[in-house]
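Just so it is clear, none of the values below were taken in a lab; they were calculated from the coordinates. Because the structure is a prediction, the values reported are computed rather than measured. A quick note on method: Cβ atoms are made from the backbone with ideal geometry, for glycine too, and the neighbour counts reach across all protein chains shown.
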Amino acid sequence: METFFFVFISTLAIGTALAMVISKNTVNSALFMVLHMLSVAGFYTLLNAQFLAVIQILVYAGAIMVLFLFVIMLLNLDEDEKVVSKIDFKQLISFTLALVVLAQLLYITGNYAGVLPELTGEPIAAVGTVEAIGDELFTTFLLPFEVTAILLTAAVVGAMLLAQKTSNVIDE
Amino acid sequence: MIGIEWYLGVSAVLFIIGVIGVLTRGNAIIIFMCVELMLSAVNITLVAFSSFMGDVHGMILVFFVLCVAAAEACVGLAIIIAIFRNNITADINKINLLRW
């Protein structure tokens, strides 16, 4: 059952990621990205990280992708003329490079698994609960947590400054 | 039971799909979504290691990565809107004012 779920989720994740990259229409692309984020949340549930699965759905699929969709609607983008035009030299090189890196990564994960530190054979259930994460987050990692709040505030203020209507800020 | 290698393999494939998207597509918004794809691929690796080792620190790192990704998407989309307003395009191949 778990194996079936894993195969289903990984097929969904890879398929939606490919569809996101390939699809011509930007809105379709964003909706495939939402589906991809849901399947990543499925991975997290499979790994017993319930808190992160919920956060993934709320923040990514709920907030960030809606922001993307708003911007796509706002810009009123047309469809791209063509995703892959004629045989482009630059695109060929980037494909080859990416495939080489993929081969390296898969080789490493396949052959060097013995180098990894002591691992239990299966995901441990008590790690990803809200209680465990919150306990650690508000004691050991309290300072980074507060810094994150400052970062988000700065990002919101910066975004409002960048996207406002008046473009002649420097003149005055 | 599924070993950790399978999670690492799927994560590597997703990361490379993101890399290919960033390198080949011209639309700035698609490139942003591909960056998010790469971030979430790395998150899968972190959660897999964290869960298999019984150590919660990896999941906390994923939490911070999520926050940084949210901030990055916010500022990046604002930059895209600003460029679009001045230049009327979201195609990065046509934004070449500073190109040598």
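Couple of notes before you dig in:
- Karplus-based coupling profile of segment A:22-39, in residue order and whole Hz: 7, 5, 6, 7, 5, 5, 4, 4, 5, 5, 4, 5, 4, 4, 4, 5, 5, 6, with θ = phi - 60° in 6.51 cos²θ - 1.76 cosθ + 1.60 and x standing for Gly or Pro.
- Here the label points at A:N28 and A:A132, each 7 Å from Cα along the C-beta direction, are separated by 4.2 nm in the simple model.
- Dimensionless Rg/Rh of chain B - Kirkwood Rh, Rg from C-alpha atoms: 1.11
- Sequentially through segment B:47-60, phi angles give Karplus couplings (6.51, -1.76, 1.60; θ = phi - 60°) of 5, 5, 4, 4, 6, 6, 8, x, 10, 7, 5, x, 5, 5 Hz, Gly and Pro residues having no value and appearing as x.
- For segment B:1-62 versus segment B:81-98, the inter-centroid distance based on Cα atoms is 29 Å.
- Computed from backbone phi, the HN-Hα couplings of segment B:20-26 come to 4, x, 5, 6, 9, 7, x Hz, rounded to whole numbers (Karplus: 6.51 cos²θ - 1.76 cosθ + 1.60, θ = phi - 60°; Gly and Pro given as x).
- Pairwise FRET efficiency - A:M160 versus A:T45, Cβ, R0 = 45 Å, nearest 0.05: 0.80
- Over every Cα atom in segment A:1-67, the radius of gyration and the widest Cα-Cα span, Dmax, amount to 12.3, 36 Å.
- Projected label distance in nm at A:T139 and B:F64, using a 7 Å step from Cα toward the beta-carbon: 1.8 nm
- Value of Rg to Rh for the protein assembly as shown (Rh from inverse mean 1/r over Cα pairs, i.e. Kirkwood): 0.99
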